[in-house]
Amino acid sequence: MITSIQGTLASASPLHAVIELNGFSYEVNIPVTTAEKLPAPGALVKLHTLVIYREDSQTLYGFATPADRDFFRLMIEHVTGVGPKVALSIMSRLSLALLEDAIRAGDIGTLAKCPGIGKKTAERLVVELKSKVGATGSTTVVSLGEPATGSVAAPHRDAVAALTALGYKTADADQAVRRAALTLGPKATTEALVKKALS
């Protein structure tokens, strides 16, 4: 099994990256949340990967962190009706921290707003993953060259909660906070994230 790929980023779009390694170019399907963290083409990049084999194809999926990859695998292996395309769409809409929070809280409304899933699939996500997500947030791992710890998720969640209290939709708030975090770095406080997201 290929668990990661590291090489030169040849090109990237919101849902695909092409990585050159030892004379080969690998097309990797990625969520928008990973695409946001990619460096400029020509830079060295590492993605945590999962290969899905079908009778007529083999497809490589890549993620910024092992936790993102593991959550993707969890969805496609344990949630009826969620295949790789739908799982990638869900992870493109919301960050892992927000997805886990929505599943733990049984927030069907937020999950149902992800492209490609309706209320029934959102309910299945909650029912089939709630016990697997755990009682606390992820304590994840390495994101494209930036160290991350469990303490990073709390300011992100709090900043998203603050923006939703101000009237932002959850997905829009999450996206604004992700962009702010890319600019400010992994140690940004909740206040700094909110201020940057609003600017």
Discussion item. Which three extents, in angstrom, do the Cα atoms of region 4-63 have along their principal axes, listed largest first?
Written reply: 35, 27, 16
Discussion item. Relative contact order for the chain: what percent, with Cα pairs under 8 Å and sequence separation of 6 or more?
Written reply: 15
Worksheet, complete the sentence: Of all trypsin sites (Lys or Arg not before Pro) in region 39-118, the ones in DSSP coil with at most 11 other Cβ atoms within 10 Å are 54
Item to complete: Pull out a ≥ b ≥ c, the square roots of the eigenvalues of the alpha-carbon gyration tensor of the chain, then state rounded if a/c is under 1.5, prolate if not and a/b is larger than b/c, and oblate in the remaining case.
Response: oblate
Discussion item. If every alpha-carbon in region 13-111 counts as one equal scatterer, what log10 I(q)/I(0) does Debye give at q = 0.15 1/Å?
Written reply: -0.61
Worksheet item: Where does the chain land at 222 nm, in deg cm²/dmol rounded to the nearest 500, when only DSSP H runs of n ≥ 4 count, each adding -39500 (n - 2.57), divided by all residues?
Response: -14500 deg cm²/dmol
Item to complete: Once you've got the Cα coordinates, tell me which of 37/120; 85/113; 46/113; 119/169; 46/169 are over 20 Å apart.
Response: 37/120; 46/113; 46/169
Worksheet item: Semi-axes, largest first, in whole Å: what does sqrt of 5 times each Cα gyration tensor eigenvalue give for region 150-198?
Response: 16, 10, 9
Discussion item. Principal axis extents for region 67-133, Cα atoms only, whole Å, descending order, please.
Written reply: 23, 22, 20
Item to complete: May I ask you to derive the FRET efficiency for residue 3 and residue 104 from their Cβ-Cβ distance with R0 = 22 Å, giving the value to the nearest 0.05?
Response: 0.25
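Bear in mind that the values in this text are calculations on the coordinates, not laboratory data. Owing to the predicted nature of the structure, the values given are computational and were not obtained by experimental measurement. We place every Cβ from the backbone using ideal geometry, glycine too, and count neighbours over all the protein chains shown.
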